[in-house]
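Worksheet: one structure, shown below.
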Amino acid sequence: MAAKNNKMKAAAGPACPTGLDLPRQTREDYVATVLEQVGAFEERLDEIEADMETSGWDDIGDFRRQLDDLRARLKGIRARSGELEGVADQDWPDAYEEMDASLLDVAGSLEQLSAGLSSVLPE
């Protein structure tokens with residue numbers, strides 16, 4: 001059965017086309033992308049904070065703590081991004097994976113904060 005599956009896979013061709021010579025993203029480009037994402041997250045936090053301040057709603061303490069936590073996490077990501085270019089080649093996959101996981105985590109937390117506030121702040 002395994003031989004039949006291997007023949008089918010070989011007949012189907014590679015999963016990704018070969019010979020395209022797509023440029024690989026350099027570490028510098030990756031760091032620039034990370035910093036762009038951090039900047040976009042920070043802008044979104046600024047918007048959320050402005051909405052909180054102008055809402056006149058008094059009970060924003062929990063949301064304020066979440067917002068401050070996100071700002072601290074983004075500050076940490078920004079600091080770690082400066083170290084990425086110096087990561088040894090053998091450590092690069094782990095550093096890349098960790099950075100992506102951090103960005104995804106912040107994106108999810110930002111979405112949760114935004115969704116939580118949308119239920120209490122006037123539009």
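We did not get these values from a lab; they are worked out from the coordinates using the rules stated. This one's a predicted model, so the numbers in the text were calculated from it and none came from an experiment. Cβ atoms come from the backbone with ideal geometry, glycine included; neighbour counts cover every protein chain shown.
Find, among the GluC sites (Glu not before Pro) in the stretch 79-110, those assigned to loop by DSSP (not H, G, I, E, B) with at most 16 other beta-carbon atoms within 10 angstrom.
83
Taking a ≥ b ≥ c as the square roots of the Cα gyration tensor eigenvalues, with a/c under 1.5 meaning rounded and otherwise prolate when a/b beats b/c, else oblate, which class fits the stretch 25-118?
Numbers: a/c = 3.13, a/b = 2.70, b/c = 1.16.
Cα axes put the stretch 25-118 in the prolate bin.
Can you tell me the FRET efficiency between residue 100 and residue 46 if r is taken as the Cβ-Cβ distance and R0 is 25 Å, rounded to the nearest 0.05?
0.60
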